[in-house]
2 protein chains.
Amino acid sequence: MINFQTAPDQYKHWKLNVAGPLAALTMDVQEDVTLAEGYKLKLNSYDLGVDIELADAVQRLRFEHPQVKAVVITSLKPRIFCAGANIYMLGTSSHAFKVNFCKFTNETRCAIEDDSHHSGRRYIAALNGTASGGGYELAIACDEIYLVDDGNSAISLPEVPLLGVLPGTGGLTRLVDKRKVRRDRADVFSTLAEGLKGKRAKEWGLINDYFPTSKFQESIDARVSEIVSGVTQTVSLRSGAEAAGLNDNESSQTNSLRYGIKLNPLQKELKPAGVEYKYVNLILNREQRYADLTVQGPRPEADLPTTPEEIQKLGDSYWPLQAYRELDDALLHLRVNEPEIGLVCLRTDGNTAEVLAVDKTLEANKDHWLVREILLYMARVLRRLDLTAKSFFAIIEPGSCFAGNLLELLLASDRSYMLNDPEGEPTSVSVSPVNAGSLPMSNGLTRLQSRFLGDPEKVDKVLAHEGAFDAESADGAGLITFVPDDLDWEDEIRVAIEERTSLSPDALTGMEASLRFAGPETTDTKIYGRLTAWQNWIFQRPNAVGPEGALTNYGKPTQAHFDFKRT
Amino acid sequence: MINFQTAPDQYKHWKLNVAGPLAALTMDVQEDVTLAEGYKLKLNSYDLGVDIELADAVQRLRFEHPQVKAVVITSLKPRIFCAGANIYMLGTSSHAFKVNFCKFTNETRCAIEDDSHHSGRRYIAALNGTASGGGYELAIACDEIYLVDDGNSAISLPEVPLLGVLPGTGGLTRLVDKRKVRRDRADVFSTLAEGLKGKRAKEWGLINDYFPTSKFQESIDARVSEIVSGVTQTVSLRSGAEAAGLNDNESSQTNSLRYGIKLNPLQKELKPAGVEYKYVNLILNREQRYADLTVQGPRPEADLPTTPEEIQKLGDSYWPLQAYRELDDALLHLRVNEPEIGLVCLRTDGNTAEVLAVDKTLEANKDHWLVREILLYMARVLRRLDLTAKSFFAIIEPGSCFAGNLLELLLASDRSYMLNDPEGEPTSVSVSPVNAGSLPMSNGLTRLQSRFLGDPEKVDKVLAHEGAFDAESADGAGLITFVPDDLDWEDEIRVAIEERTSLSPDALTGMEASLRFAGPETTDTKIYGRLTAWQNWIFQRPNAVGPEGALTNYGKPTQAHFDFKRT
């Protein structure tokens, strides 16, 4: 079972060093510490385990070290920055694992860009050696890329020429859409196994600059000093952990106590048929291939502060942060550890008024760094849900609290079922101001905007609605797919689950990927839609993974042989 | 060998009847007239042969019957409009053929929308019976959809629930992006094998309206009369060819003589190693898996009129129309009949001044219906090139004429090589006003805009350039990838061709699909990018095409069995 929880003191492959406004995130992959057997992580190549640490580090920078203004990503290995995803790991993984691996690493790179875009932290890729494949793709997710000019180090995307697959973490899209490299140059670069060195790489816009070995460190330091212009003395980030001043765990600790909050390990109980967290409960109905995923609203006895100072004091046990961290973990668990679960029934349990009170506090204080980070994180978790290749049905019953931020779970679902029993216990759903913009999808729209693309006035109507919607009015407002009465309720849910889980899981994945993202496309949606779909296609072609395929034969004495028919 | 040329008097499956401002395009598929063996085209299901006729009919409406304002697409078969792509044809086709089949049918549907959008012809899908799968996808490519309410007829997309694949011609994208159907309703509709009948289909926005059998024809007639409001008497389109007044070939003929031009059969000579047209020459180097495709500019002796009246008199032998019709045919031939050709070297041959003179005439007269149709058609052919899954290298040598509209061939290429030999015969490329907007890509941008996304000022600079660019200045302006001198020229081209054709054809297809379409996305690019890629992926999954797959087992006594792992 793959565990997505880690912390800096458990990192095997990365070091996170923070000194005031600077952070060094240094890669030093332990080649024998792998997530599975059968491969070694040579040359700073990575598997999912390495990327889980990177994702954790970026997350901690935002919550634990908010004072950091510049993050330098570099390598502790000589002459190599990062060789990308490990080929032998890919060659021995199942198709489903490869796809999920790429999705997670994509989310990590998008999280870096999200941090840069929304929280203003500047990411500098200091390529002190060759960055190939996923190594360059990590660099291109950063704001600036600098390459050492040592006569040898290069950047490259050798996937097409060497492996017969595509760069799997957004490289092609970011080349032409983010760095806006001319498409003919992108074509040449992406077919050149040996890649490009400093001069031409800069000329073509693939890197920002290159420096000779003797000037590399000071040039990076100078650029970083420019960024953190408030800092008077130049702080060296040389060699990460070994650099003087940066080893100072105490000062880093002081800073984090002063500014950040600590992200403590999630408490979770693994059960034979599920996972139980404090606010999230995952129950697996493995035989029927569906899961019930319930998010609890804040408990009546919970501490629900209304000022940023109190929230900061409460830290990671503040309901929205804790509940969404648990939800995030549960989604990742479902993706990777429970492949046969095809449908997730999303449920909520709690008090609508309390969820809305939390939203009120969040919206009122979203200029405060921590509240902003919490909202941005909730948005990322919801996008993780949008991008999860499982069907989602929202089930609204008495006692549920699909309100405000939790209404997004309903809006993110492929369908919703709401019990309509005016005689019995009431059901309701409610909007809050966070539904108006704080939790955008990857396409840049809110889920309400995406839902009502054809009738934008409905968005305003829904947002202006006073009080809760009962089943009839929620249906009338366009929020719900089906509102069965109590006589039909159980049968209808049961049949819907049975039908959904009987369909081809592949067709559902492709259908959901097509229907969930109406409207505009962004670099993110292009990466998850167009690029990922093509990569998935290629990842199962005999030319890549067949006995004579390029991925299969990489590093072997045998050579790949292609069926040259163009498709 | 599949032939893409046809004409109404050769149609087996469609009837095109034109009466003044009205056209009836009626489907009556002959089940035994198939492009391959092993299936029957029952229930108005179609194979590529049926769609070639539809594409031809839409094309002829634009050129031969420009006075037509409304096109009613309907069926001559009782109780069935169209059952979509033939399942047994799909089940017995190779993966590459399935993919190319879907691409062509997508282009046909996009051509219908292009006609509606740019030329204002209104397409009415009159569903006089059930429209399932590709049948509904044809309808949703039209502007308006009307369904008969006979207690039985329905619209449906049964691909996911019955076949384990996706609707292959844009259905999912058009549901949420064109008709802007709510995603939860799109989800329900796309998983419901039996589909929806009139009432709910209208309520959900899937059709415009529904009418009882007894009122169906008169309601369609009334709607059509509204559209062609200039027409005083209601013209009935009942039963297509059988309708009184519509059989009148003479009146149709009169109209086309009065307004339209005739598209005569292309003269082409099939040779063992290529195809020779008048202006286009395709030479296949099959052993090396590449082709040379040369487009000739207007010949010195050619008639190059400068007024619309003269152009109309010249008709389909006018250079741009004839050359692009030949280019279109050559591209389709390459796609379907020459799958092993992985690279096309695009060359031109002729006089730059004459190409530019044509562009000047086209731009000056683009308000004239025929000139506008010619430009719109050239744009469609160039988009067909953008969407062709082969690599394209533009080769610029002495005697070539990559100018204006033919410069788009260079800009559409993955790379360009221009001989730089100041001492020898000169090479040049030139812009014209048509490069500024008349030939847009599927993403809505010009090829120059897409090329210089990162530096939009370069677009204006290039367009403002006086006279031709020589190799140095073209390189400086960012128009060319490589400008080898005459000593390196032959080796560099040879090596580039050898390298390109040695790479995995699948990886190249995915790479090119990712690099060619930087910038904004449109419904078209979503269909060709996101949706097509997912469909391609699903089309080769064992859950669809394996021995126990849904597509394989459709219509057999055996049942599909899925591997339920979600990917």
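The values are calculated or read from the model by the stated rules, or taken from the named source; none is laboratory data. Predicted model only: the values in this text are computed from it and were never measured. Cβ sites come from the backbone with ideal geometry, for glycine too, and all protein chains shown count toward neighbours. Accessible surface is based on the protein model in full, side chains and every heavy atom, while ligands, DNA and RNA are left aside. Shrake-Rupley method; radii C 1.70, N 1.55, O 1.52, S 1.80 Å.
The combined condition, being free of Cβ contacts under 8 Å to residues at least 60 places away in the same chain and either closer than 13 Å to residue B:207 by Cβ or not β-branched (Val, Ile, Thr) (or both), is not fulfilled by residue B:174.
Across the range A:78-115, the qualifying residues are those that are among the aliphatic types (A, V, I, L, M) and over 17 Å from residue A:36 (Cα atoms), and the one among them that is nearest to the other protein chains (Cβ to nearest Cβ) is A:83. So for the range A:475-482 (the condition being surrounded by fewer than 24 Cβ atoms within 10 Å (Cβ to Cβ), touching a residue at least 60 places away in the same chain (Cβ under 8 Å) and aromatic (Phe, Trp, Tyr)), does at least one residue qualify? Within the range A:475-482, one or more residues are surrounded by fewer than 24 Cβ atoms within 10 Å (Cβ to Cβ), touching a residue at least 60 places away in the same chain (Cβ under 8 Å) and aromatic (Phe, Trp, Tyr).
Confirm whether residue B:394 is more than 19 Å from the chain's Cα centre (by Cα), closer than 30 Å to residue B:102 by Cα and not in a helix (DSSP H, G or I). Against the criterion (more than 19 Å from the chain's Cα centre (by Cα), closer than 30 Å to residue B:102 by Cα and not in a helix (DSSP H, G or I)), residue B:394 qualifies.
Just one residue in the set B:346, B:356 is in contact with a strand residue (DSSP E or B) (Cβ under 7 Å, 6 or more places away or on another chain) and open to solvent by 10 Å² or more (accessible area, probe 1.4 Å); that residue is B:356. All conditions but one from (1) more than 26 Å from residue A:420 (Cβ to Cβ); (2) open to solvent by 60 Å² or more (accessible area, probe 1.4 Å) apply to residue A:466; the one that does not is (1). At least 3 residues being over 25 Å from residue A:52 (Cβ atoms) is the threshold, and among the strands (runs of 3 or more DSSP E) wholly inside the range A:269-343 those reaching it are A:290-296. On the stretch given as the range A:28-61, residues that are touching a His at 6+ places or on another chain (Cβ under 8 Å) and open to solvent by 30 Å² or more (accessible area, probe 1.4 Å) total 3.
If you go through the range B:287-304 and keep only what is of a type outside the set (Ser, Thr, Tyr), more than 21 Å from residue B:439 (Cα to Cα) and at pLDDT 95 or above, you end up with B:287, B:288, B:289, B:291, B:292.
Checked against (1) in contact (Cβ under 8 Å) with a residue 12 or more places away in the chain; (2) open to solvent by 60 Å² or more (accessible area, probe 1.4 Å); (3) closer than 19 Å to residue B:95 by Cα, residue A:533 passes all but a single condition, namely (2).
Do you know which of the residues in the range A:385-428 that are polar (S, T, N, Q) and open to solvent by less than 10 Å² (accessible area, probe 1.4 Å) is farthest from residue A:359 (Cα to Cα)? Here the residue is A:391. The residue list B:281, B:264, B:247 contains one member that is at pLDDT below 95 and open to solvent by 20 Å² or more (accessible area, probe 1.4 Å), which is B:247. Summed over the range A:37-86, residues that are within 22 Å of the chain's Cα centre (by Cα) and more than 30 Å from residue A:229 (Cβ to Cβ) total 14. Counting just the residues of the range B:295-313 that are farther than 17 Å from residue B:62 by Cβ and of a type in the set (A, V, I, L, M, F, W, C), which one comes out surrounded by the most Cβ atoms within 10 Å (Cβ to Cβ)? Among those residues, the one meeting the criterion is B:295. Scan the range A:509-521 and tell me whether some residue there is open to solvent by 40 Å² or more (accessible area, probe 1.4 Å), at negative phi and not hydroxyl-bearing (Ser, Thr, Tyr). Among the residues of the range A:509-521, at least one is open to solvent by 40 Å² or more (accessible area, probe 1.4 Å), at negative phi and not hydroxyl-bearing (Ser, Thr, Tyr), which makes the answer yes.
Being free of Cβ contacts under 8 Å to residues at least 40 places away in the same chain and away from chain B (no Cβ under 13 Å) is the filter; apply it to the range A:458-474 and report the residue that is nearest to residue A:286 (Cα to Cα). Filtering the range A:458-474 for residues that are free of Cβ contacts under 8 Å to residues at least 40 places away in the same chain and away from chain B (no Cβ under 13 Å), the one nearest to residue A:286 (Cα to Cα) comes out as A:473. The criterion of being in contact with a Leu (Cβ under 8 Å, 6 or more places away or on another chain) and within 21 Å of residue A:463 (Cβ to Cβ) holds for residue A:366.
Scanning the range A:483-513 for residues that are within 12 Å of another protein chain (Cβ to nearest Cβ), without any contact (Cβ under 8 Å) to a residue 12 or more places away in the chain and more than 16 Å from residue B:565 (Cβ to Cβ) gives A:499, A:511. Please indicate, with yes or no, whether at least one residue in the range A:542-555 is more than 7 Å from chain B (Cβ to nearest Cβ), under 20 Å from residue B:97 (Cβ atoms), of a type outside the set (A, V, I, L, M, F, W, C) and in contact with an Asp or Glu (Cβ under 9 Å, 6 or more places away or on another chain). Yes; the residues of the range A:542-555 include at least one that is more than 7 Å from chain B (Cβ to nearest Cβ), under 20 Å from residue B:97 (Cβ atoms), of a type outside the set (A, V, I, L, M, F, W, C) and in contact with an Asp or Glu (Cβ under 9 Å, 6 or more places away or on another chain).
In the range A:13-26, the residues that are under 20 Å from residue A:49 (Cα atoms) form Cβ pairs under 6 Å with partners that are open to solvent by less than 20 Å² (accessible area, probe 1.4 Å) and hydroxyl-bearing (Ser, Thr, Tyr), at six or more places apart or across chains, as follows: A:15/A:26; A:26/A:74. Within the range B:514-541, which residues are more than 8 Å from chain A (Cβ to nearest Cβ) and in contact with a Leu (Cβ under 7 Å, 6 or more places away or on another chain)? Residue satisfying the conditions is B:528 alone. Of the strands (runs of 3 or more DSSP E) lying entirely inside the range A:116-215, none contains at least 2 residues that are facing chain B (nearest Cβ under 10 Å), at pLDDT 95 or above and within 20 Å of residue B:518 (Cα to Cα).
Scanning the range A:541-567 for residues that are farther than 22 Å from residue B:341 by Cα and of a type outside the set (Lys, Arg) returns A:545, A:547, A:551, A:552, A:553, A:554, A:555, A:557, A:558.
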